[in-house]
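First comes the structure, then the notes that go with it.
The values are calculated or read from the model by the stated rules, or taken from the named source; none is laboratory data. Remember, predicted model here, so these are calculated numbers, not experimental data. Here Cβ is always computed from backbone atoms with ideal geometry, including for glycine, and neighbour counts include all displayed protein chains. Only protein heavy atoms, including side chains, enter the accessible area calculation; ligands, DNA and RNA are left aside. Shrake-Rupley method; radii C 1.70, N 1.55, O 1.52, S 1.80 Å.
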Amino acid sequence: METPQQLPKKRGRPKGSSTKSKEDRDREQPHSAAATPKARGPASDKKSGAAAADEKYVQWKSLVPVLYDWLANHNLVWPSLSCRWGPVVEQHKFKNRQRLYLSEQVTLGLPNTLIVANCDVVRPRIAADSHISQFNDESRSPYVKKYKTLIHPGEVNRIRELPQNKNIVATHTDSPEVLIWDVETQPNRHAVIGAATSRPDLTLIGHSENAEFALAMCPIEPFVLSGGKDKSVVLWSIQDHVSTLGTDAQKAAGPSIIASDNPSIGARGIFQGHEDTVEDVQFCPSSPQEFCSVGDDSCLVLWDARVGCTPAVKVEKAHNADLHCVDWNPHDVNFIITGSADNTVRMFDRRSLTSSGVGSPVHIFENHNAAVLCVQWSPDRPSVFGSSAEDGRLNIWDYEKVGVMDIETPAPGLFFQHAGHRDKVVDFHWNVADPWTIVSVSDDCGSTGGGGTLQIWRMLDLLYRPEEEALAELQKFKDHVSQCTQKRES
């Protein structure tokens, strides 16, 4: 009898699965332990695997003072599937205060929420080594404070901010619509049972089926891009509903949404070319009319709205499984990276892409042990990007190091691995306002049974600065220690 072929694993939490807060998990744990007898075989293997993961986490935590300039660990009661940086609202000598966008995926009759938080980002070379390593895994960070709560109609699967005004964000939920919010003008709400949902400032209509994950905002114009289960990519312009009139202060802050009763707009274009669900989309950094998409059909598709609604280039078999994520290099628009359920990240040069079938990546980056869920280029260095996966790792890569440091690293191009999460890292975001600072979030339902973990971190600058510069500073420090020792002995 033949064994049925295992279906590829879809991203996100399966519909109908249990979403638990960490408080619920802690309450249920004693009863579960008493009711479930211990068994050999797969259960014991799972237990040993969890023990090994815990040991690796302890090892990572012991290295935090050596590897990080700053790290904040924030325990989430409910899991969040997305995290994004908002605008800087205060600047101080030792830290900046910045908006941070999160969500809460809840059950027990409570409403789902879009969270606006204030995050105090400590400036480089300020935090003490002992301070950043001595955090409680089960507590909330003093650096992250909830500022405002919006009652969201359905789960928040994805959050994206408008680059022209980061107070305006778009959200994806389990519906065909994209919701636009001006978070500064939205009233603060209390997330209690029976609470009415907040009303979005604008609704974008164009999908015929649910659009859950694929969402992007254009860096040049107020355009929004989305993909969904209807196998289509949909483009909107919210220019008609954006006002640049107002005071000088408002003009400096960027455009704002015009308030009206239940406003909605239709699509500027609907683009057909995928054969399965579109999982992610991204604009070309230099053109609002060019964009790309990836999907469960294993295809990478490039589009040009000036030409038509069919693919400009369609790369068949870009990966060996579903594609989950894509990003376009903001420094060099020739390079595109993709992440897949085949556990790899691939980099493509669009100058060499053709629609002749199998894609030919410039390089395949291999180190993850599970499906890659998110990829993003660094805003600070053209050759650097990050990737996060269901294996709980967030890898930082530099394609210029491929072939240069292969002997010294576990994988070509890999030069840093963030191992602070113990479950799948569903999203992360580089901070444009604070170089080399990243916020990342994990959904911990698979490891601890509920909740999530948010981490804000910055690797030690000696790891990414030019080697000669870093060695010179280390030598200077060594000489200083030697001089102090000599004075003490004399």
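Annotation note: trypsin sites (Lys or Arg not before Pro) in segment 268-341 located in DSSP loop regions with a Cβ neighbour count of at most 11 within 10 Å are R306.
Projecting label points 7 angstrom from Cα along Cα→Cβ for D380 and N320 puts them 3.4 nm apart.
The figure for V77 is an accessible area of roughly 30 square angstrom, using a 1.4 Å probe on the protein chains alone. Residues L353, L110, L394, sorted by accessible area with the largest first, give L110, L353, L394 [1.4 Å probe; ligands and nucleic acids excluded].
With every protein chain in place and a 1.4 angstrom probe, the accessible-area ranking of V192, V404, largest first, reads V404, V192.
Under the simplified labelling scheme, the R199-V58 pair shows an inter-label distance of 5.6 nm, with each label point 7 Å from Cα along Cα→Cβ. Here r is the Cβ-Cβ distance between V362 and A472 and R0 is 30 Å; the resulting FRET efficiency, rounded to 0.05, is 0.35. 3J(HN,Hα) along segment 130-135: 5, 5, 6, 8, 9, 10 Hz, from the Karplus curve 6.51 cos²θ - 1.76 cosθ + 1.60 with θ = phi - 60°, whole Hz, x for Gly and Pro.
Centre-to-centre separation between the Cα atoms of segment 105-142 and those of segment 415-490: 17 Å.
Surface exposure of segment 93-203, expressed per residue as accessible area with a 1.4 Å probe, stands at 41 Å².
Work out the FRET efficiency for V307 and V432 from their Cβ-Cβ distance, taking R0 = 35 Å, and round it to the nearest 0.05.
Computed FRET efficiency for V307 and V432: 0.70.
For segment 108-183, the spherically averaged projection of the C-alpha convex hull amounts to 7.4 nm². Note on R125: accessible area approximately 120 square angstrom, rounded to 10, probe 1.4 Å, nucleic acids and ligands left out. Only Lys, Arg, Asp and Glu carry charge here, each on its Cβ (+1 for the first two, -1 for the last two); on that basis segment 362-472 has a dipole of about 200 debye about its Cα centre.
Just want the answer: with Cβ charges of +1 for Lys and Arg and -1 for Asp and Glu, which residue in W436, S383, A371 is farthest toward the dipole's positive end in segment 347-490? My answer, from the dipole projection, is W436.
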